[in-house]
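The values are calculated or read from the model by the stated rules, or taken from the named source; none is laboratory data. As the structure is a computational prediction, the values presented were derived from the model and not from experiment. Cβ: placed from backbone, ideal geometry, glycine included. Neighbour counts: every protein chain shown. Protein only, heavy atoms only, side chains kept; ligands, DNA and RNA dropped before computing areas. Shrake-Rupley method; radii C 1.70, N 1.55, O 1.52, S 1.80 Å.
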Amino acid sequence: MKSTLGIVDAEIPTKEKVKTTSKRKQVFISYSHRDKTYFDRLSTHLKPLEKKGLIEPWSDTRISAGELWKKQIESALNKTQVAVLLVSADFLASDFIVDNELPPLLEKASSDGATIIPVILKPCRFIREETIAKFQAINTPEEPLIAASEHESELIYDAIAERIESLL
């Protein structure tokens, strides 16, 4: 059908429908509690994605008093599509992270296609840790977040959020 201007309906651009899904995507954040300030800043950058329902960030801060914490972590690891590793010497020294969080995340990456995004917080042995060094970090080990200016740090946090958004 032609409009009064002689334009066929098919020629009129239409606004593309935005895909929405009610299923939220799990983003597991693994960090040492000694690096909580970095975790807090990352959480701030991820909040807009969470508010839009694009992601569901998960960390141990979601465990309530009285819950079986180990089961909660296992359940979250099973639902994970993206994992952000906040890597530091404290992270690598954590028995719980190394023994309980990393193995299922690495398995999900190899078998289910989960994406692992390392973020180098402080100088550490990241490049010598074969299990995680094979994953491309958002920043280079030579330029850890601790050495970055506030502006550079914010750019890195934004790049993490942008990468997660592009994956989901």
Output the number of residues of the stretch 61-80 satisfying the condition of being at pLDDT below 70, more than 17 Å from the chain's Cα centre (by Cα) and polar (S, T, N, Q). 1
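Go through the stretch 99-149 and give me each residue that's among the basic types (Lys, Arg) and farther than 16 Å from Ala76 by Cα.
Keep residues of the stretch 99-149 that are among the basic types (Lys, Arg), which gives 108, 122, 125, 128, 134.
Listed by number, the residues that qualify are Lys122, Arg125, Arg128, Lys134.
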Would you be able to say whether some residue in the stretch 66-74 is open to solvent by less than 90 Å² (accessible area, probe 1.4 Å) and closer than 19 Å to Phe39 by Cβ? yes
Could you please give the count of residues in the stretch 134-164 that are touching a strand residue (DSSP E or B) at 6+ places or on another chain (Cβ under 8 Å) and of a type in the set (Gly, Ala, Ser)? 1
When Ala109 is evaluated against the numbered criteria (1) touching a Lys or Arg at 6+ places or on another chain (Cβ under 7 Å); (2) surrounded by 15 or more Cβ atoms within 10 Å (Cβ to Cβ), which criterion, by number, is the only one it fails? (1)
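Inspect all residues belonging to the stretch 83-96 and state whether any of them is polar (S, T, N, Q) and more than 21 Å from Ser32 (Cβ to Cβ).
Our first condition is that a residue be polar (S, T, N, Q); within the stretch 83-96, this holds for 88, 94.
Those still in the list that are more than 21 Å from Ser32 (Cβ to Cβ) too: none.
The answer is no; no qualifying residue exists.
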Residues Leu92, Leu102: which one is part of a helix (DSSP H, G or I) and at pLDDT 95 or above? Leu92
Filtering the stretch 123-156 down to residues that are surrounded by 20 or more Cβ atoms within 10 Å (Cβ to Cβ) and touching a residue at least 60 places away in the same chain (Cβ under 8 Å) yields Leu145
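How about the stretch 22-60: which of its residues are farther than 16 Å from Ile164 by Cα and modelled with pLDDT under 90?
Ser22, Asp60
Does Pro104 qualify as being crowded, with 16+ Cβ neighbours inside 10 Å and in contact (Cβ under 8 Å) with a residue 12 or more places away in the chain?
Taking the combined requirement at face value, the residue satisfies it.
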